[in-house]
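The values are calculated or read from the model by the stated rules, or taken from the named source; none is laboratory data. Nothing here was measured: the structure is a model prediction, and the numbers come from that model. FYI the Cβ positions are ideal-geometry reconstructions off the backbone, even for glycines, and counts take in every protein chain you see.
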Amino acid sequence: MTRRPNSSRALAVDRYAQRFLQLKNELQNVEYFCKGTVLERRMKCGQPTCACHTDPAKRHGPYWEWTYKAKGKTVNVRLSAEAGPLFKTASRQHRKIKSLLARLERLSQNALKALAKAKTTESAKNPSPT
Ligand SMILES: [Zn+2]
């Protein structure tokens, strides 16, 4: 890319390109991901004399539940003690990806506008006075 110190528009285009590259690199650190939310629940049982009814720390579990939407319907999946933490981490990764993509999209829109303006300036033989 040709550098043009006199053009602030060209500089803006460069800044967008740099920021875009940074965000794109962050995407490479992404791990396995899954949509939806993963909740860890601890329950009281049906035994009235059980300690779980008086002491919240003695409730049973954890029971892991993964909830997501598929074709407009909410799906609940019971996860094992091993799968629960893995899916919880994966759902956090999914949120990270979505946030990164949203930022990349916003940045792209601004970059494309700046790029178009820079091209307009470039093609004009006599730039309009400010
Ligand atoms: Zn109990």
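Candidates GLU31, GLU26, GLU40: the one that is of a type in the set (Asp, Glu) and either in contact with a strand residue (DSSP E or B) (Cβ under 9 Å, 6 or more places away or on another chain) or on the phi > 0 side of the Ramachandran plot (or both) is GLU40.
For the residues SER99, SER91, the requirement of being crowded, with 16+ Cβ neighbours inside 10 Å and among the hydroxyl-bearing types (Ser, Thr, Tyr) singles out SER91.
Within the range 40-78, the set of residues being small (Gly, Ala, Ser) and in contact with a His (Cβ under 9 Å, 6 or more places away or on another chain) is empty.
Residues that are surrounded by 13 or more Cβ atoms within 10 Å (Cβ to Cβ), touching a residue at least 12 places away in the same chain (Cβ under 8 Å) and either away from the ligand (no atom under 16 Å from the Cβ) or part of a loop (DSSP other than H, G, I, E, B) (or both) within the range 30-50 comprise PHE33, CYS34, LYS35, GLY36, THR37, VAL38, LEU39, GLU40, LYS44, listed in sequence order.
Identify, by number, the condition in (1) under 30 Å from MET43 (Cβ atoms); (2) surrounded by 16 or more Cβ atoms within 10 Å (Cβ to Cβ) that GLY72 doesn't meet. Among (1) under 30 Å from MET43 (Cβ atoms); (2) surrounded by 16 or more Cβ atoms within 10 Å (Cβ to Cβ), the lone unmet condition for GLY72 is (2). When you look at LEU107, is it at pLDDT below 95, in a helix (DSSP H, G or I), over 13 Å from the mean Cα position of the chain (by Cα) and closer than 29 Å to ALA124 by Cα, yes or no? The answer is no for LEU107.
Table: residues versus (1) of a type in the set (Asp, Glu); (2) modelled with pLDDT of 95 or more.
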| position | (1), (2) |
| --- | --- |
| GLN28 | no, no |
| TYR32 | no, yes |
| PRO56 | no, no |
| GLY61 | no, no |
| THR67 | no, yes |
| VAL75 | no, yes |
| HIS94 | no, yes |
| LEU101 | no, yes |
| GLU122 | yes, no |
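Condition test on LYS119, is it surrounded by 12 or more Cβ atoms within 10 Å (Cβ to Cβ), within 16 Å of the ligand (Cβ to nearest atom), on the phi < 0 side of the Ramachandran plot and over 21 Å from the mean Cα position of the chain (by Cα)? It is false that LYS119 is surrounded by 12 or more Cβ atoms within 10 Å (Cβ to Cβ), within 16 Å of the ligand (Cβ to nearest atom), on the phi < 0 side of the Ramachandran plot and over 21 Å from the mean Cα position of the chain (by Cα). One residue alone among ALA12, ALA90, ALA81, ALA17 is more than 16 Å from the ligand (Cβ to nearest atom) and part of a loop (DSSP other than H, G, I, E, B), and that residue is ALA81.
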